[in-house]
Amino acid sequence: MPRLLVDVGPLRHHRDFRLLVSGQLVSLFGSNLTLVAVPYQVYRETHSSLLVGVASLIQLPALIAGSLWGGAFGDRYDRRHLFVASSLVLGLLSSALALNASPAHSHFATLLVVAALAAGAGGFAGPIRTATIPLLVDRDELVAAYSINQVIVNVATILGTAIAGVLLAVGLASCYWIDAGTFTVLAIATSLMAPIPPSGDHDGVAVIRAIRDGFRYVRANPTAQAVYLIDMNAMVFGLPRALFPAVALTVYHSGPRLLGLLYAAPGVGALVMAVATGWIAHVRRRGRLVVLVVALWGGAMAVFGTVHVIWIGLGCLAVAGAADVISTVLRNTILQNAITDEYRSRISAIQLAVVTGGPRLGDLESGAVASLVSTEFSIVSGGLACIAGAWLLVRWRPAFWRDAA
């Protein structure tokens with residue numbers, strides 16, 4: 001079924017692509033353990049969704065700074081060396097979180113600081129990885145490569161978040177220790193790749209100037225602006241993950257295992273859709289489909305906040321995850337086709353700042369609204385705002401709806 005199922009050709013044809021995605025699969029599994037453990041630890045110690053959002057927002061400056069520097073360095077130095085170095089740093093930071101998680105030595109301020117440093121190191125590595133994929137596969141394999149990447153991401157999300165719920169009932173530190181070990185696997189896998197030298201001549205360009213040039217490039221590229229804004233809209237208003245601890249513990253009156261399922265549910269829908277992305281390569285009006293699935297995401301979240309039946313709530317999250325896969329594959333393809341090689345890492349860095357920074361702003365937004373009104377109102381209003389934002393983007397950038405491919 002070549003028009004339905006994901007094309008695995010890039011895995012068969014390109015050794016370095018296989019190494020990258022296999023190392024990423026293991027590493028992202030560990031990262032998703034930490035993704036659940038940190039907000040759970042914050043909520044357990046503070047009993048406040050607002051502070052869960054604040055803790056996430058504190059990570060944002062480090063994440064943005066890390067991603068911008070990673071993008072600049074990725075366009076200047078061998079990306080393989082940067083992969084290995086960033087993986088080892090992330091492993092050390094996860095070990096620090098594990099040591100701090102023991103009841104006898106736990107410090108809330110240490111948790112916030114180390115989590116922020118880890119966000120910065122993850123931000124450094126992210127754009128390098130995203131910008132490397134087009135260099136490891138043929139141009140006509142980009143949709144397939146990003147679809148495979150989504151399969152890997154969502155397999156890791158499902159396994160990591162679901163198992164995190166079990167591990168949290170055993171001991172918080174175990175999530176962090178396993179995460180630390182997975183970064184070692186990623187460092188080994190990427191060290192086996194061939195050298196990935198930079199594109200173009202950047203020797204005489206200062207890093208700060210290189211970052212500034214990347215932003216100038218975006219200001220002159222309306223397609224890139226639309227890609228960033230449609231995703232920012234969905235992540236800020238339509239991703240109430242900071243409320244998942246409160247939903248599990250107070251709305252459904254359950255515990256860590258349900259919390260793990262709430263985090264895993266979008267990944268289940270995303271994985272099903274990612275496996276069946278073969279048809280996306282044949283979509284002609286890609287920008288139009290991105291807008292429609294972002295609106296679908298917002299609608300699913302609004303229903304999730306309205307209906308207090310566990311299986312319906314999990315189903316809504318799964319539908320949102322499926323919509324997000326379509327959006328992610330198409331946005332990456334649109335963006336990578338619209339930029340030139342010498343800016344690839346820097347543009348990917350700005351994209352990563354949006355993709356990972358948006359959810360952190362969303363954590364603060366949803367946590368603040370929940371603390372002022374209610375958890376349910378925060379989720380529903382955010383989903384409706386996501387739909388409205390998609391409509392406003394179409395009004396502001398009609399060419400994205402009409403022409404983007």
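In the range 223-243, which residues are within 16 Å of F304 (Cα to Cα) and open to solvent by 10 Å² or more (accessible area, probe 1.4 Å)? Passing the criteria: M235, F237, L239, R241. Only one entry in S94, S102 is open to solvent by 30 Å² or more (accessible area, probe 1.4 Å), hydroxyl-bearing (S, T, Y) and touching a residue at least 60 places away in the same chain (Cβ under 8 Å), namely S102. Taken over the range 368-405, the residue count meeting the criterion of being open to solvent by 40 Å² or more (accessible area, probe 1.4 Å), assigned to a helix (DSSP H, G or I) and among the small types (G, A, S) is 3. Say we look at the range 1-21 and pick out the residues that are modelled with pLDDT of 85 or more and of a type in the set (D, E, K, R); which of these is surrounded by the fewest Cβ atoms within 10 Å (Cβ to Cβ)? The extreme case among them is R12. Take the residues in the range 152-161 that are open to solvent by less than 30 Å² (accessible area, probe 1.4 Å) and either within 13 Å of V6 (Cβ to Cβ) or free of Cβ contacts under 8 Å to residues at least 24 places away in the same chain (or both); name whichever of them is nearest to the chain's Cα centre (by Cα). By that ranking, first place goes to N154. Using the structure shown, decide if W311 is modelled with pLDDT of 85 or more, open to solvent by less than 40 Å² (accessible area, probe 1.4 Å) and out of contact with any Leu (no Cβ under 6 Å at 6 or more places or on another chain). Here the answer is no, as W311 does not meet what is asked. Of the residues that sit in the range 225-262 and are at pLDDT 85 or above and among the aromatic types (F, W, Y), which one is nearest to L159 (Cα to Cα)? Only one residue fits best here, namely F244.
One line per residue, one yes/no per condition, for (1) more than 30 Å from L249 (Cβ to Cβ); (2) in a helix (DSSP H, G or I); (3) open to solvent by less than 30 Å² (accessible area, probe 1.4 Å); (4) β-branched (V, I, T):
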{"site": "V290", "(1), (2), (3), (4)": "yes, yes, yes, yes"}
{"site": "V294", "(1), (2), (3), (4)": "no, yes, yes, yes"}
{"site": "F304", "(1), (2), (3), (4)": "no, yes, yes, no"}
{"site": "D324", "(1), (2), (3), (4)": "no, yes, no, no"}
{"site": "L335", "(1), (2), (3), (4)": "yes, yes, yes, no"}
{"site": "S366", "(1), (2), (3), (4)": "no, yes, yes, no"}
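Determine, yes or no, whether I188 is surrounded by fewer than 16 Cβ atoms within 10 Å (Cβ to Cβ) and modelled with pLDDT of 80 or more. Judged against the criteria, I188 is a match. Checking A119, A145, A164 one by one, the residue that is buried (at least 24 other Cβ atoms within 10 Å of the Cβ), touching a residue at least 24 places away in the same chain (Cβ under 8 Å), part of a helix (DSSP H, G or I) and touching a Cys at 6+ places or on another chain (Cβ under 9 Å) is A164 and no other. Scanning the range 241-288 for residues that are assigned to a loop (DSSP other than H, G, I, E, B) and not β-branched (V, I, T) returns Y252, H253, S254, G255, A276, R284, R285.
Just so you know, in the range 336-380 the residues that are among the polar types (S, T, N, Q) and without any contact (Cβ under 8 Å) to a residue 60 or more places away in the chain include one that is nearest to G53 (Cα to Cα), and it is S374. If the condition is being of a type in the set (D, E, K, R), in a helix (DSSP H, G or I) and surrounded by fewer than 22 Cβ atoms within 10 Å (Cβ to Cβ), then the range 28-83 contributes R44, E45, R80.
The values are calculated or read from the model by the stated rules, or taken from the named source; none is laboratory data. These numbers were taken from a predicted model, which means no experiment stands behind them. In this analysis, Cβ positions are derived from the backbone assuming ideal geometry, glycine residues included, and neighbour counts consider all displayed protein chains. Protein only, heavy atoms only, side chains kept; ligands, DNA and RNA dropped before computing areas. Shrake-Rupley method; radii C 1.70, N 1.55, O 1.52, S 1.80 Å.
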